[in-house]
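Input: a single structure, listed below in structure tokens.
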Amino acid sequence: GSGSKATSWDNSSSPASKRSGSTVGAGTKAGSSSSSTQYKPGDKVSHPKFGKGIVVASKASSGDEEVTVAFESQGIKKLMASFANLQKS
């Protein structure tokens, strides 16, 4: 193990951005950003077969989304969002 605690999801260094008053509901796409991906690096996810993991990369790919996830027990996997059945945790 590296020993470094990567808590990227707990980064509250920009309080001004949190004052927008927008509540993000589950499954709703907010069209505020240019990317059309539903997963972003740092997102914690779980997969029915591969278990728990953290998204390391995501990109739109031919009408779908290619998500690269680092799983605790399976290593890094590239998955298509529509087939992967990922759950944000």
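Going by the conditions given, is residue 82 assigned to a loop (DSSP other than H, G, I, E, B) and either aliphatic (A, V, I, L, M) or loosely packed, with under 13 Cβ neighbours inside 10 Å (or both)?
Numbers: assigned to a loop (DSSP other than H, G, I, E, B): no; either aliphatic (A, V, I, L, M) or loosely packed, with under 13 Cβ neighbours inside 10 Å (or both): yes.
Criteria not met by residue 82.
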### Qualifying positions in segment 38-89 - touching a residue at least 40 places away in the same chain (Cβ under 8 Å) and of a type in the set (S, T, N, Q)
38, 46, 87, 89
### Task
Could you look through segment 40-61, keep only residues that are within 14 Å of residue 83 (Cα to Cα) and assigned to a loop (DSSP other than H, G, I, E, B), and pick out the one that is most open to solvent (accessible area, probe 1.4 Å)?
49
### Query
Regarding residue 73, is this residue modelled with pLDDT of 70 or more, open to solvent by 80 Å² or more (accessible area, probe 1.4 Å) and over 13 Å from the mean Cα position of the chain (by Cα)?
yes
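Here is a list: 22, 13, 35. Which entry is within 13 Å of the chain's Cα centre (by Cα), surrounded by fewer than 15 Cβ atoms within 10 Å (Cβ to Cβ) and at pLDDT below 95?
From the options 22, 13, 35, the qualifying one is 35.
Would you call residue 89 open to solvent by 30 Å² or more (accessible area, probe 1.4 Å), under 11 Å from the mean Cα position of the chain (by Cα), at negative phi and not aromatic (Phe, Trp, Tyr)? Steps first, answer last, please.
Details: open to solvent by 30 Å² or more (accessible area, probe 1.4 Å): yes; under 11 Å from the mean Cα position of the chain (by Cα): yes; at negative phi: yes; not aromatic (Phe, Trp, Tyr): yes.
The answer is yes for residue 89.
The values are calculated or read from the model by the stated rules, or taken from the named source; none is laboratory data. Source: prediction; values computed, not measured. Backbone-built Cβ (ideal geometry, glycine too); neighbour counts: all protein chains shown. For accessibility, only protein heavy atoms count, side chains too; no ligands or nucleic acids. Shrake-Rupley method; radii C 1.70, N 1.55, O 1.52, S 1.80 Å.
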